[in-house]
Amino acid sequence: MKEAKITRAGHEEFDMLVKGCAESSEAGLMVAKLLHEIKEGEREDCGVHDWNNVIHFFCKKRLMNDAENALKKMRSLGHTPNAQTFHSMVTGYAAIGGKYTEVTELWGEMKALAYSAPLKFDQELLDSVLYTFVRGGFFVRANEVVEMMEGGEHVH
């Protein structure tokens, strides 16, 4: 690590990421994203990453009120939610069921961010949103998701 001039904090972050990948069933996807960031020289805002971990934890435990509070705090500190944030929230709402209006609110924010910032959503996130809308009978919203998917400009 000294030869590569990686700081101790960076080393600890990397160790934490590797441990998270090892424990997650989505390890392949996370590793692919990490390699893409390394190749492209991109650096994600650490604050957003940290808040995403907190939100993901609450969503996995189905503590959606706590996840909502964490999302509000994240926004109040000036961090913009990203695709990972929305994915955790939508998956959490889908796990408890019946939270269609909450997913609709998230969808509105996702659309606004997609058209105002260079934010792209993965197919899995859009599939989850689509499934939730269809399950809840929100067919107009479901068609909006399908239109975004077919347009392809906000999907990677």
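The values are calculated or read from the model by the stated rules, or taken from the named source; none is laboratory data. This one's a predicted model, so the numbers in the text were calculated from it and none came from an experiment. Here the Cβ is made from the backbone with ideal geometry for all residues, glycine too, and neighbour counts use every protein chain on show. Please note that ligands, DNA and RNA were not included when accessible areas were found on the heavy atoms of the full protein model with its side chains. Shrake-Rupley method; radii C 1.70, N 1.55, O 1.52, S 1.80 Å.
Tell me, which residue of the stretch 93-123 that is of a type in the set (K, R) and over 24 Å from L63 (Cα atoms) is least open to solvent (accessible area, probe 1.4 Å)?
Step by step, filter the stretch 93-123, then rank; the result is K111.
Looking at L63, L126, L77, can you tell me which residue is open to solvent by less than 30 Å² (accessible area, probe 1.4 Å) and either among the aliphatic types (A, V, I, L, M) or under 26 Å from C46 (Cβ atoms) (or both)?
Going through L63, L126, L77 in turn, just one is open to solvent by less than 30 Å² (accessible area, probe 1.4 Å) and either among the aliphatic types (A, V, I, L, M) or under 26 Å from C46 (Cβ atoms) (or both): L126.
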Based on what the data block shows, is E105 more than 13 Å from the chain's Cα centre (by Cα) and among the acidic types (D, E)?
yes
For V129, indicate whether it is touching a strand residue (DSSP E or B) at 6+ places or on another chain (Cβ under 9 Å) and in a helix (DSSP H, G or I).
yes
Go through (1) open to solvent by 30 Å² or more (accessible area, probe 1.4 Å); (2) under 14 Å from M64 (Cβ atoms) and name the single condition T85 misses.
(1)
